[in-house]
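Below: one structure, written as structure tokens.
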Amino acid sequence: MGLESSRIAFERARRSVGAGVGSGLRAAMQPHPLFVSEARGAHVWDLDGDRYIDYVMAWGPLVLGHGDPRIVDAVRDVVSRMQVVGTGHVLEYAAAESVLQSVPHGERLLWSNTGTEAVQVALRLARAATGRRRVVKFAKSYHGWHDTVYAGLTDTGPDADKGEVAEPASRGQSPSVLDDLVVARFNDVGMMERILADAVERDIAAVLVDPIMSNAGVEAPAQDFLQTLRSRCDQHGVVLIYDEVIAGFRIARGGAAERFGVHPDLSVFGKAMAGGFTQSAVVGRADLIDQVSDGVVHAGTFNGNPVALAAVQATMGVLADPSVYETLESVSARFELVIGDLLASAAQPARLNRVGSLLQFVPDLDVTGLHGTGGPWPRILGGMLAHGVAFMPSGKIFLSTAHRGTDIDATADALEAVLRQLRGPAEG
């Protein structure tokens, strides 16, 4: 894997595109971003024609792999007739019906385009319903790049039992809007009980939670955590919102509500719902959603466009087959076993956290978060790319139904070689 064409392309991109990438974290790829010319199934091909096993999966959307013909055919049929029309069309409700049939708490939905947008819509609905303004989020969780939620990306301090004041996480961010955030600790039941006991006094409208901390180590909820959130939100008139942009339709057909058995008031979905096309939605209680008919503004030129909704409807149809999730679980469990054993025996031991087909490299005694992970991962990342395996800088690993046992075996062979290189000749 020479990667020379990707290096040249990256240098050229930096002359016209800020940082040379379309989304900032892609620049952290080692030794430089990979530029791709083709993608099929579980593989991508770079500009030199070299093939890579892909565990990036577009940062999460491709549960069915690249170019699934059922999705592509549905989109091709629609795009030959219309693209974006600015009027109503049948797919607006046909795709919505297919999503609502999948989600246990789905009564109504609103279409949007990205996870960042849909989170903002959900928060607006919660504030309108409660007449309050503040939102509880959890340390290290990511809910999009918007000023109002891009904060609290590190652990809360030891004296933060009443909820930490959020600090800006980007230059140029407006600090004034962060007064509306209260930052808590994930899985800390006692802390949430204390915060929500004062929900009225603290003007708390919503609790916004990624049920499995997808961008912060793939940490699953403790047995009583989500149920505590549900009962205390009900008790104190707070709207419970799941951010399922990454996990939704990946860990189960019905998302976190199906997997963990606790239903939120609203869920935000994105990524996997459209099989590789740009689409998101806020799904949940009809009385909350229907506020858009009573003074709550929801807008967007490309909301519910026919091309994306054709992909949504086709994807939901495929995911209705239980064998999809059986396949995802089988291939992901095998990856965890084979690759996890190699990492555990490495000179710098590490492990894999896994919930369904979402995995995370976790270094021994080191932190993992949105902007990357510690330990040997940066060196593993570059080494694996040179051996034809593409991973993400953050250490998140996405499996799909297109991955095969042969892909995992080839990944294991490459990882063994990379780990030997990291040990060096004296330890080899």
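The values are calculated or read from the model by the stated rules, or taken from the named source; none is laboratory data. This structure is a prediction, so every number in the text was calculated from the model and none was measured. Using ideal geometry, Cβ is built from the backbone for each residue, glycine included, and neighbour counts are taken over all protein chains shown. What goes into the accessible areas is simple: the full protein's heavy atoms, side chains included, and nothing from ligands, DNA or RNA. Shrake-Rupley method; radii C 1.70, N 1.55, O 1.52, S 1.80 Å.
Overview of values
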| quantity | calculated |
| --- | --- |
| Condition check for residue 127: buried (at least 18 other Cβ atoms within 10 Å of the Cβ), modelled with pLDDT of 95 or more and in a loop (DSSP other than H, G, I, E, B) | no |
| Leading residue by the ranking (most open to solvent (accessible area, probe 1.4 Å)) among those in the range 1-33 that are assigned to a loop (DSSP other than H, G, I, E, B) and aliphatic (A, V, I, L, M) | 1 |
| Answer residue from the range 291-324, given it is farther than 18 Å from residue 117 by Cα and more than 23 Å from the chain's Cα centre (by Cα) and is surrounded by the most Cβ atoms within 10 Å (Cβ to Cβ) among those | 306 |
| Residues of the range 44-59 that turn out to be surrounded by 19 or more Cβ atoms within 10 Å (Cβ to Cβ) and within 24 Å of residue 360 (Cα to Cα), as a count | 7 |
| Matching entry among 153, 240 (being among the aliphatic types (A, V, I, L, M), crowded, with 16+ Cβ neighbours inside 10 Å and not in a loop (DSSP other than H, G, I, E, B)) | 240 |
| Single unsatisfied condition, residue 122 versus (1) touching a residue at least 60 places away in the same chain (Cβ under 8 Å); (2) over 15 Å from residue 274 (Cα atoms); (3) surrounded by fewer than 20 Cβ atoms within 10 Å (Cβ to Cβ) | (3) |
| Considering residues of the range 325-342 that are free of Cβ contacts under 8 Å to residues at least 24 places away in the same chain and more than 20 Å from the chain's Cα centre (by Cα) only, the residue farthest from residue 379 (Cα to Cα) | 326 |
| For residue 30: the one exception among (1) touching a Gly at 6+ places or on another chain (Cβ under 7 Å); (2) under 28 Å from residue 269 (Cβ atoms); (3) polar (S, T, N, Q) | (2) |
| Set 293, 345, 332: member being in contact with a Leu (Cβ under 7 Å, 6 or more places away or on another chain) and among the polar types (S, T, N, Q) | 332 |
| Checking residue 266 against (1) modelled with pLDDT of 95 or more; (2) open to solvent by 10 Å² or more (accessible area, probe 1.4 Å); (3) of a type outside the set (Phe, Trp, Tyr), the condition it does not meet | (2) |
| Test: residue in the range 185-202 that is among the β-branched types (Val, Ile, Thr), without any contact (Cβ under 8 Å) to a residue 40 or more places away in the chain, more than 30 Å from residue 278 (Cα to Cα) and part of a helix (DSSP H, G or I) | yes |
| Lone unmet requirement of (1) modelled with pLDDT under 95; (2) among the hydrophobic types (A, V, I, L, M, F, W, C); (3) farther than 25 Å from residue 393 by Cβ; (4) surrounded by 22 or more Cβ atoms within 10 Å (Cβ to Cβ) for residue 213 | (3) |
| Residue check for residue 74: assigned to a helix (DSSP H, G or I), modelled with pLDDT of 95 or more and within 23 Å of residue 361 (Cβ to Cβ) | no |
| Hits in the range 189-209 (condition: open to solvent by 10 Å² or more (accessible area, probe 1.4 Å) and in contact with a strand residue (DSSP E or B) (Cβ under 9 Å, 6 or more places away or on another chain)) | 198, 202, 203 |
| Criterion violated by residue 287 - all others in (1) of a type outside the set (Gly, Ala, Ser); (2) open to solvent by less than 20 Å² (accessible area, probe 1.4 Å); (3) assigned to a helix (DSSP H, G or I); (4) in contact with a helix residue (DSSP H, G or I) (Cβ under 9 Å, 6 or more places away or on another chain) satisfied | (2) |
